[in-house]
Every structure is written in C-alpha cells, then in structure tokens.
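Each remark here refers to the structure printed beneath this line.
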Amino acid sequence: MRTKERIIEEALTLFSTKGYEGTSVKNIAEAVGIKDSSLYKHYKSKKEIFDTIVQEMSSRMERMSQTLGLPDEADMERAARIYGDLTTEGLIQLSRQIFLFYLKDEFAARFRRMLTIEQYRTKEIYGVYRKLFMEDSIAYQTALFREMTRWGVLKEADPAAMAMNFYAPVFFLLNKYDQEREAEAFLELERHVREFARIYARSEEGNDAEET
C-alpha cells in the first residue's frame, strides 16, 4: 500500500474511533509511521484527507452498484424495469447484498461510524452524513418508486412516502446491528422487505407461486 493510501486508511480508522475533531494530523502521521512534515507532502490538511475519504466512499458505493447491476438515477425507466422484474425473493437477496456492503465492508463500516460520531459536532460532516445516507437515498428511491408506479409494478401511492417506508427501517437496522448479529439482522431485513412488497406490490401472485 502506498503512503498516500495508508494515510487515508489510518485516518479513517482514527476518525471512526476518536472522531474527526478528536484526531490531529500528528495522530495520523504517527499511525502511518511518518513525520507530520512528510504527511503534508501528500495532503495539505486534515480537511483534504477527509474530503478524499468522502470521494473514495462515493466511488466504492458506485462500484458496488455497478457490481450488482443497479442502474443509476440517469435512467429511471430502466431501473423500474429491472426492479419490477424481481420477485420478492429476488428483492430480498438484492437487499441483503446492499445491506451487507454497508454492514461488513471495512471501509464503508468505518466511514459510517465516523459520520455517526461526528454529526453532532461538525456541521459540515453532518451535511455529508445527511446527503449520502438520507437525502440521496430517499431521492433515488422516490424517483424509482414513482416510475415503478407509472409502469404498474407498484400500487398507486405517494412515492416519497414509499421511499421513507422502505429506507427508514433499513437505515435503522444498520445502526441497530452495526457488524453484530448478522443473521438476526438479515431476518429482520427479510421481514421488512416481505411486508413492503405485501403492502405496495401491484401483484404478488407470481411470487406466491414461486414460493410454493
């Protein structure tokens, strides 16, 4: 691992345990095993290190979506067709894979803990936390559910309310379990997805037939 990458890794570990404000550049340099002056050759400030971590997390989220074949917000019609073709079992499996990324991926888990720790102390970090884990997710799902309703996959309902009803319990489970009791978390996640499908899916006949 190059020094620049080690700085990011060690900084994220420290930020996720001591918080951003509680971590100094000196702390990061010591964790990497270099002098402060050497660290400044790679990053101008602690803020630049933080910004790089946010950029890396955004890239990892994008790669995860691409790996799972999830379309982005630029093509909601395609997204609605892909999700609309999923059975309830398929949606459960996809939800588990996304949930597992945020729960178990070492970078993602530390990143989420860092923002959780610091959200009440640093306004800018709260803004990042709010955007990545609340606003962006709700906006995407609202647009997705609106399109799925238009295609007749979901029942007529307020798409923003549907997005809240789907995402809020998932977000709650991430915070409730945070790398612990994975099997229990998956059971709760499955119950939630099944209940969401029961309430909002236009027709469950195909899923019922498959499950029997």
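The values are calculated or read from the model by the stated rules, or taken from the named source; none is laboratory data. Just so it is clear, the model here is predicted, and its values are computed rather than measured. In this analysis, Cβ positions are derived from the backbone assuming ideal geometry, glycine residues included, and neighbour counts consider all displayed protein chains. In case anyone asks, the SASA skips ligands and DNA or RNA and just uses the protein heavy atoms, side chains included. Shrake-Rupley method; radii C 1.70, N 1.55, O 1.52, S 1.80 Å.
Below is a table of values for the structure above.
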read-out	value
Folded to 0 to 90 degrees: helix 3-18 orientation relative to the chain principal axis, Cα	70
Amide H contacts under 5 Å for residue 154, placed H, 5+ residues apart	149, 202
Accessible surface ranking that places the most exposed of 123, 46, 131 first, with a 1.4 angstrom probe	123, 131, 46
Accessible surface of region 68-125 [probe 1.4 Å, protein heavy atoms]: carbon and sulfur percent	49
Rh (Kirkwood; distinct C-alpha pairs) - the chain, Å	18.9
Gained length - residue 121 relative to residue 21, 0.36 nm times residue gap less alpha-carbon distance	35.2 nm
Calculated [θ] (222 nm, deg cm²/dmol) that DSSP helices of n ≥ 4 give over the chain, each run adding -39,500 (n - 2.57)	-23500 deg cm²/dmol
Accessible-area order (highest first, 1.4 angstrom probe) of the listed residues 174, 14	14, 174
Where region 73-192 is the region considered: accessible area per residue in Å², 1.4 Å probe	52
Lysine-lysine proximity count for the chain, Cα under 19 Å, sequence distance 8 or more or distinct chains	23
Given the chain, longest segment not containing exposed loop GluC sites (Glu not before Pro) (DSSP; at most 13 other Cβ within 10 Å)	74-155
Within region 120-134: backbone nitrogen closer than 19 Å to the residue 62 label point (7 Å, Cα to C-beta)	128-129, 131-134
Unit charges on C-beta of K, R, D, E only; dipole of region 1-118, Debye	540
Cleavage-rule hits (chymotrypsin sites (Phe, Trp or Tyr not before Pro)) in region 119-170: DSSP loop, at most 12 neighbouring Cβ within 10 angstrom	120
Rg to Rh, two decimals, where region 62-109 supplies the alpha carbon set and Rh follows Kirkwood	1.01
Computed magnitude of the charge dipole of the chain (debye, nearest 20; Cβ of K, R +1, Cβ of D, E -1)	1100
